[in-house]
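**Q** Pasting a structure here, questions to come.
Each value in this text was obtained by applying a stated rule to the coordinates, not by laboratory testing. Computed from a predicted structure; not experimentally measured. In this analysis, Cβ positions are derived from the backbone assuming ideal geometry, glycine residues included, and neighbour counts consider all displayed protein chains.
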Amino acid sequence: MKISFATVAMLVMGTGAVWAANTTPCPAVGADTNGCEFIISVTAVNGSGAATQFSVSLNAPDQGPFDTTEDTLVGIINNSAGVLKSITLPNNIGQFGFDGDGACYSATLYTPAPTAAQCLGGAYQTTTPNDYLSLTATSFSAIGSTGTVNFNNIAVGGTSWFDLEGALTVSSLGGGGGTPAPSSLVLLMIGLAALGMFWFVKGKFARVN
């Protein structure tokens with residue numbers, strides 16, 4: 001019996017791709033059928049739970065703003081050693097200039113849309129900026145040259161999501177760019193695992209024959 005690397009890789013990568021595509025913190029909204037456009041990984045917080053170090057990644061594939069023009073889904077993963085309560089982001093291109101068409105405005109404004117249970121207070125929100133928040137991203141504050149997103153105590157390893165205005169980029173969220181999104185890293189790890197599995201299976205059958 002011959003098992004090719006391509007066969008093993010396709011089976012493992014196919015399963016992994018489906019898993020990875022469904023692990024972003026954001027729900028599917030409008031044009032963003034894969035969830036978050038960007039994922040922020042918080043790696044350090046201070047004693048007040050404010051993020052002090054984080055990286056920003058574009059979640060592949062790049063689907064752009066969920067309304068196709070100027071509203072962007074942002075996911076949060078708390079990879080720090082403490083509870084995350086807030087993060088401060090730039091407001092240099094109007095990221096916090098909310099205009100009443102957030103992801104959680106209603107069940108019909110976008111297709112697909114978040115469920116009511118995924119939104120602030122477990123309900124759709126028709127007031128701004130509450131329609132840009134989620135069940136665990138509970139308020140915006142201190143909006144000026146920057147803006148702060150406040151969370152309901154995101155535990156270590158926990159996630160959240162919200163949306164901001166604009167066709168954003170990694171740099172407009174305060175990130176340096178160049179870091180693969182978690183789903184991309186997962187696929188890389190799965191590929192390496194498939195390679196190891198191929199050589200293991202090949203060696204096993206070689207000994208049998």
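**Q** Please arrange Ser80, Ser171, Ser55 by how many other C-beta atoms lie within 10 Å of their C-beta, fewest to most. Could the numbers behind the result be given before it?
**A** Details: Ser80 21, Ser171 12, Ser55 18.
So the ranking, lowest neighbour count to highest, is Ser171, Ser55, Ser80.
**Q** Can you give the FRET efficiency to the nearest 0.05 for Asn92 and Ala142, using r as the Cβ-Cβ distance and R₀ = 22 Å? Kindly include the intermediate steps, with their values, before the conclusion.
**A** Numbers: r = 15 Å, r/R0 = 0.67.
The calculated FRET efficiency here is 0.90.
**Q** Ratio of alpha-carbon Rg to the 2.2 N^0.38 Å globular estimate for region 26-180, to two decimals, please. Let's see the in-between values first.
**A** Numbers: Rg = 14.0 Å, N = 155, 2.2 N^0.38 = 15.0 Å.
So region 26-180 has a normalised radius of gyration of 0.93.
**Q** Amide H neighbours of Gly147 under 5 Å, at least 5 residues apart or on other chains, H built in the peptide plane: list them.
**A** Under 5 Å from the amide H of Gly147 lie the amide H atoms of Leu89, Asn91, each far enough along the sequence or on another chain.
**Q** In nanometres, what is the gap between the two model label sites at Ala81 and Asn153, each 7 Å from Cα along Cα-to-Cβ?
**A** In this crude label model, Ala81 to Asn153 measures out at 2.1 nm.
**Q** Relative contact order (percent) for region 26-180, with alpha-carbon contacts under 8 angstrom and 6 or more residues of separation?
**A** On the way: 414 pairs, mean separation 45.9, N = 155.
In percent, rounded to a whole number, it is 30.
**Q** Could you compute the FRET efficiency for Ser171 and Thr127, with r as their C-beta to C-beta distance and R0 at 45 Å, rounded to 0.05? Let's see the in-between values first.
**A** Numbers: r = 31 Å, r/R0 = 0.68.
It comes to 0.90.
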